[in-house]
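The values are calculated or read from the model by the stated rules, or taken from the named source; none is laboratory data. None of these values were measured; they are calculated from a predicted model. With ideal geometry, Cβ positions are generated from the backbone for all residues, glycine too; neighbour counts draw on all protein chains shown. What goes into the accessible areas is simple: the full protein's heavy atoms, side chains included, and nothing from ligands, DNA or RNA. Shrake-Rupley method; radii C 1.70, N 1.55, O 1.52, S 1.80 Å.
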Amino acid sequence: MKDEITIIGTPISPYVRKVLAILDIKGVPFRCHPQIPFLGDDDFTRISPLRRIPVLRIGDFTLPDSTVIAQFLEEKFPETPLYPGDIEARARARWFEEYADDHLGRNVLFPLFFQRRVRPVVLKEPTDEAIVDKAINEDMPKVLDYLETEVPDDGYLCGTLSVGDIAIGSIMRNAFWADWALDASRWPRVAAYLGRLYSEPAIARLNKLAESMLGTSPKEHPAIVEKYFAA
Ligand SMILES: N[C@@H](CCC(=O)N[C@@H](CS)C(=O)NCC(=O)O)C(=O)O
């Protein structure tokens with residue numbers, strides 16, 4: 001179909017789940033082609049010059065980058081907004097999105113999930129334990145100390161659920177999948193906040209899908225994803 005939305009990228013990626021969650025919360029139908037970036041062909045390079053996922057495709061129109069896609073989806077489907085109406089809250093939501101995608105991407109996702117799951121499973125390379133240790137013992141505590149001061153007792157970072165929460169929750173989830181555990185006695189507000197986020201139906205569904213794909217062969221992924229969204 002001409003107007004059908006396809007998200008290219010495996011739901012195991014937090015950046016992909018971010019845009020899938022946005023589509024699901026907004027009630028927009030979509031398909032997902034579970035591309036693994038490291039296995040992309042020339043066509044993938046054409047639509048994603050940095051060879052990263054996600055990429056959105058609607059007919060001949062393609063758009064890379066989760067933040068750019070999120071803003072496009074907000075403008076195209078303004079119902080159920082995920083950027084707050086208040087200008088300051090909206091700016092803060094963008095800050096948390098940027099903080100997650102950039103800082104947590106470099107200091108949480110890359111050193112933990114990439115080292116412990118992608119390198120040994122996809123790239124057949126050994127995990128660099130020094131990188132993992134630094135992330136767990138130095139960088140992650142700083143992230144959690146910061147978030148502990150920012151998250152509210154109830155609700156979300158900028159009032160209602162926003163793109164900032166979705167971005168943070170997505171990347172933190174991949175840390176759990178890299179056998180990292182959150183010390184809830186040291187960071188109780190973050191633990192409660194993530195618990196609320198992961199109970200959001202769209203986020204819970206996508207996390208379940210990604211969990212069912214972990215440890216399976218990339219060859220099986222299209223069938224797993226197809227079956228999941230058909231159900
Ligand atoms: N800023 C990009 C980051 C996307 C990103 O880094 N995706 C990872 C997968 S989790 C990727 O494609 N990595 C492949 C690579 O860097 O070669 C976005 O928000 O979409």
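For region 63-73, the set of residues classified as more than 10 Å from the ligand (Cβ to nearest atom) and in contact (Cβ under 8 Å) with a residue 40 or more places away in the chain consists of LEU73 only.
Is it the case that GLY105 is touching a residue at least 24 places away in the same chain (Cβ under 8 Å), small (Gly, Ala, Ser) and under 29 Å from THR127 (Cα atoms)?
So GLY105 fits the description; yes.
What about ARG46, is it part of a helix (DSSP H, G or I), touching a strand residue (DSSP E or B) at 6+ places or on another chain (Cβ under 9 Å) and either of a type in the set (Phe, Trp, Tyr) or more than 14 Å from the ligand (Cβ to nearest atom) (or both)? So ARG46 fits the description; yes.
When restricted to residues that are open to solvent by less than 30 Å² (accessible area, probe 1.4 Å) and within 16 Å of the ligand (Cβ to nearest atom), region 84-95 contains 1.
Scanning region 44-77 for residues that are of a type outside the set (A, V, I, L, M) and closer than 18 Å to PRO218 by Cα returns PHE44, ARG51, ARG52, PRO54. Could you go through region 20-35 and let me know if any residue there is among the β-branched types (Val, Ile, Thr), open to solvent by less than 20 Å² (accessible area, probe 1.4 Å) and within 11 Å of the ligand (Cβ to nearest atom). No - not one qualifying residue is present in region 20-35. When you look at ALA204, is it out of contact with any Pro (no Cβ under 8 Å at 6 or more places or on another chain) and outside the structural domain of VAL143 (by TED's automatic domain parsing), yes or no? Considered against the rule, which asks whether it is out of contact with any Pro (no Cβ under 8 Å at 6 or more places or on another chain) and outside the structural domain of VAL143 (by TED's automatic domain parsing), ALA204 comes out as yes.
Taken together, the residues in region 119-145 that are exposed (fewer than 13 other Cβ atoms within 10 Å of the Cβ), at pLDDT 95 or above and not acidic (Asp, Glu) amount to 4. In region 1-19, of all residues being assigned to a loop (DSSP other than H, G, I, E, B) and buried (at least 17 other Cβ atoms within 10 Å of the Cβ), the one that is nearest to the ligand (Cβ to nearest atom) corresponds to SER13.
LEU50 meets the conditions (1) in contact (Cβ under 8 Å) with a residue 60 or more places away in the chain; (2) out of contact with any His (no Cβ under 8 Å at 6 or more places or on another chain) in every case but one. The failed one is (1).
When SER212, SER217, SER162 are screened for being in contact with a strand residue (DSSP E or B) (Cβ under 7 Å, 6 or more places away or on another chain) and open to solvent by less than 60 Å² (accessible area, probe 1.4 Å), only SER162 passes.
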